[in-house]
Amino acid sequence: MDYVSISERNHSKAAPDSWSVVIADVRGSTEAMKAGRQRDVNLVGTACIAAIRNHYAPGEVPYVFGGDGATFLVAEDKLSHCLSLLASVQSSAIYNLQLELRVGKISVADLRRQNGEISIGYLRGAGVETVPYFRGSGIALADRLIKESWSRESFDSLMLSSDTPDLSGLSCLHRPFRSRRGKILSVIVELRTERGEASEDEILARIFAMLSEAGPLNRLRPIQEENLERAWLNETWKAESKLKAQAKNSISLGVNEALVILRQYVSNSFFRLDFLGKFVGKKSIYMKRLLQQSDWIKMDGVLRLVIDVDANEEKMIRKLLEDLRQEGKVLYGIHESDSALMTCHLRSMRTQEHSHFIDGAEGGLTIASIQLKEQKLELLKQKKPS
């Protein structure tokens with residue numbers, strides 16, 4: 001995939017006024033991750049995407065995974081249905097996993113009236129799947145306005161769904177991906193776009209030029225064939241079973257637990273014995289597409305990276321981002337860990353429709369956002385008159 005195209009405005013198109021930004025976010029995600037529930041939080045964020053992907057073709061409803069939730073751009077004729085699908089995930093997350101998922105929306109037209117611009121682009125690989133990305137200040141504005149509206153709501157005011165979400169294909173079959181090169185960095189970069197789109201292009205170009213300085217970008221991808229391992233039964237199987245079950249229904253939960261265990265053992269048997277590779281030639285295709293269709297570089301108004309770096313590369317990244325911050329061009333957050341995590345959604349093996357959502361371990365992007373928020377507060381203090 002040509003990740004550098006993210007830095008070029010002409011590779012994205014303005015979102016239509018009639019579309020809406022929809023944000024799904026796990027409330028209290030930082031505390032949940034510090035309590036050891038990162039895989040559950042990541043699973044809920046990916047479940048939001050899986051619920052949409054199971055009803056719409058690739059690219060029809062673009063989305064970006066954020067670690068503790070997801071952001072969508074939804075056409076007017078699909079909005080009501082998408083909100084209904086997310087409401088079913090919301091109910092299951094709250095009742096079955098005790099994670100409060102919030103969902104909110106705001107129209108692109110409303111954001112533009114407040115000088116928030118949004119454009120959509122797609123990173124394309126060899127198959128039908130794409131990795132969507134969003135540019136412009138409108139997503140950050142939507143996030144702020146929607147979360148302000150949530151702060152005025154009580155839990156009791158949420159309109160929860162009684163529907164069971166269709167989360168078929170949602171899974172976490174892989175063990176954490178250990179760093180091969182030194183450490184995993186989870187990086188969030190918020191562009192200060194007061195100077196307009198040209199400035200945004202320039203900032204992103206500088207970041208990608210630095211990342212590419214020592215070789216192809218793919219060297220930084222934390223997911224490689226060499227560090228891919230599967231457990232016979234993944235640690236998240238219980239959470240996956242609960243999320244797929246009907247809310248407050250022990251029979252549904254029991255059935256889903258049995259199905260998840262069976263599916264994981266069958267899938268891992270095929271994988272370990274290389275049945276797909278030896279007899280139908282699919283494993284090598286799947287592995288190649290898995291690497292291409294993982295979102296270790298993503299953008300939802302802010303640039304999010306989960307990268308495997310050596311010591312020198314880490315120094316270069318930290319120096320460039322701090323230089324850009326001192327120039328008034330970015331705010332950023334970085335979190336380091338020894339591994340990356342992946343949550344997957346398989347829509348069809350036959351057509352190779354599968355997407356893979358990456359986060360750093362030990363809190364990853366969510367913990368990185370703490371440093372970003374601290375820099376924002378520092379900036380606000382500097383702007384206040386003494």
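The numbers here are math on the coordinates, done by the rules we state, and not lab data. Since this is a predicted model, take the numbers as computed values, not measurements. Virtual Cβ from ideal backbone geometry, glycine too; neighbours counted across all protein chains shown.
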Study note, to complete from the structure: With A51 itself left out, Lys, Arg at +1 and Asp, Glu at -1 over residues whose Cβ is under 11 Å from its Cβ give 0
Review point. When the Karplus curve 6.51 cos²θ - 1.76 cosθ + 1.60 is applied with θ = phi - 60°, which whole-Hz ³J(HN,Hα) does each residue of the stretch 80-95 get, with x for Gly and Pro?
Key: 4, 5, 4, 5, 5, 4, 5, 5, 5, 5, 4, 4, 5, 5, 5, 7
Point to revise | the stretch 14-30 - phi-based ³J(HN,Hα) in whole Hz, Karplus 6.51/-1.76/1.60, Gly and Pro as x | key: 4, 5, x, 4, 6, 6, 10, 8, 10, 10, 10, 8, 7, 6, x, 5, 4
Exercise for review: May I ask you to compute the full-extension gain from Q326 to S151, defined as 0.36 nm times their residue separation minus their alpha-carbon distance, rounded to one decimal in nm?
Suggested key: 59.8 nm
Exercise for review: Kindly list the residues of the stretch 325-356 that lie in the label zone of D310, defined by a backbone N under 19 Å from the point 7 Å along the Cα-to-C-beta vector.
Suggested key: 337-339
Check your understanding: Under the Karplus relation 6.51 cos²θ - 1.76 cosθ + 1.60, θ = phi - 60°, what is the ordered set of whole-Hz ³J(HN,Hα) values for the stretch 133-148, x standing for Gly and Pro?
Key -> 8, 10, 10, x, 7, x, 5, 4, 5, 4, 4, 5, 5, 5, 5, 5
Study note, to complete from the structure: Most packed first (mean Cβ within 10 Å per residue), the peptides 372-381, 88-97, 49-58, 308-317 order as 88-97, 49-58, 308-317, 372-381
Review point. When ranked by the protection proxy of mean other Cβ atoms within 10 Å per residue, highest first, what sequence do the peptides 34-45, 170-181, 63-74 form?
Key: 63-74, 34-45, 170-181
Exercise for review: Please identify which residues in the stretch 295-331 have an amide N closer than 16 Å to a label point set 7 Å out from the Cα of E202, following the Cα→Cβ vector.
Suggested key: 323-331
Check your understanding: With a ≥ b ≥ c the root eigenvalues of the C-alpha gyration tensor of the stretch 23-154, is it rounded (a/c under 1.5), prolate (a/b larger than b/c) or oblate?
Key -> oblate
Point to revise | Inter-centroid distance (Cα atoms) of the stretch 313-346 relative to the stretch 58-136, Å | key: 23
